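Take a look at the structure below.
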Amino acid sequence: MFKPKTLLIALSLAMSFSVAHAADYHAVEDTNNAIDAESYTLRGQDGSLGYVDDWVLFTVTSVRDLTASIDPNGTVGIWFEKFDLYDQNRILIKEGNTSTSFPTLTFANLGAEGVSTDYYLKIYGPTNSVASYLGHINTTAPVDVTSPVSAVPEPEAYAMMLAGLGLMGFVARRRKL
């Protein structure tokens, strides 16, 4: 027969191993061939009742706008409490929106021009069964709102130009006579 103290220690150890699932892993490689964008797929799984606690590493190669989301078609059994963006030192940059069942995160101007930088996406939440999630991280070059726009003349500008040309023609003809 087991001693109560030994049974209690064994039970607490078993519970501590089955309660949390923590992992550090790289996002699936960039699946986008474009130079000005990266696209990563996230896949996570927890085979026990407890928590998913994942740190997903991904790399941004230049200044990028980031969007990240969890796909409702590939996610089962997780209540997301964190879906946050951290820098390479795991310092919080921005909290994601976890007010819905499938969290989202957006961030503008992430990274530095010409520098590859690592970032983490923290995914955390309790699970009620064998749980899994599928998500995506997409980065694109920011839209340059300061780029010059070619001017298209207004109709009034054409009217003034024609009036000016007509006036010059009138003066030139009058001098000729």
_Residue, modelled with the highest pLDDT, within segment 69-94, restricted to residues that are over 16 Å from PHE107 (Cα atoms) and among the acidic types (Asp, Glu)_ = GLU81
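Name the single residue that is modelled with the lowest pLDDT among those in segment 35-52 being surrounded by 18 or more Cβ atoms within 10 Å (Cβ to Cβ) and closer than 18 Å to PRO103 by Cβ. Before you say what the answer is, go through the steps one by one.
Going through segment 35-52, the residues surrounded by 18 or more Cβ atoms within 10 Å (Cβ to Cβ) turn out to be 38, 40, 42, 44, 46, 50-52.
Remaining after also requiring closer than 18 Å to PRO103 by Cβ: 40, 42, 44, 46, 51-52.
Details: TYR40: 82, LEU42: 82, GLY44: 80, ASP46: 73, TYR51: 82, VAL52: 83.
Across segment 35-52, the extreme among qualifying residues is ASP46.
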*Among the residues of segment 140-149, is there at least one that is on the phi < 0 side of the Ramachandran plot and either surrounded by 14 or more Cβ atoms within 10 Å (Cβ to Cβ) or touching a Leu at 6+ places or on another chain (Cβ under 9 Å) (or both)?*
yes
*Could you grab the pairs with beta carbons closer than 6 Å, sequence gap of 6+ or different chains, first residue in segment 87-101 and of a type in the set (Gly, Ala, Ser), second one in a strand (DSSP E or B)?*
GLY96/PHE83; GLY96/ASP84; GLY96/LEU105
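Looking at VAL60, is it in contact (Cβ under 8 Å) with a residue 60 or more places away in the chain and of a type in the set (A, V, I, L, M)? If you could, list the steps in order and put the result at the bottom.
Details: in contact (Cβ under 8 Å) with a residue 60 or more places away in the chain: yes; of a type in the set (A, V, I, L, M): yes.
Yes: the conditions hold for VAL60.
Does VAL76 satisfy the condition of being surrounded by fewer than 20 Cβ atoms within 10 Å (Cβ to Cβ), under 14 Å from the mean Cα position of the chain (by Cα) and among the β-branched types (Val, Ile, Thr)? First the steps, then the outcome.
On the way: surrounded by fewer than 20 Cβ atoms within 10 Å (Cβ to Cβ): yes; under 14 Å from the mean Cα position of the chain (by Cα): no; among the β-branched types (Val, Ile, Thr): yes.
Against the criterion (surrounded by fewer than 20 Cβ atoms within 10 Å (Cβ to Cβ), under 14 Å from the mean Cα position of the chain (by Cα) and among the β-branched types (Val, Ile, Thr)), VAL76 does not qualify.
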*Output the number of the condition that GLY114 fails; it satisfies all remaining conditions of (1) modelled with pLDDT under 85; (2) farther than 23 Å from THR59 by Cα.*
(2)
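The values are calculated or read from the model by the stated rules, or taken from the named source; none is laboratory data. Small disclaimer: the values here were computed from a predicted structure and weren't measured. FYI the Cβ positions are ideal-geometry reconstructions off the backbone, even for glycines, and counts take in every protein chain you see.
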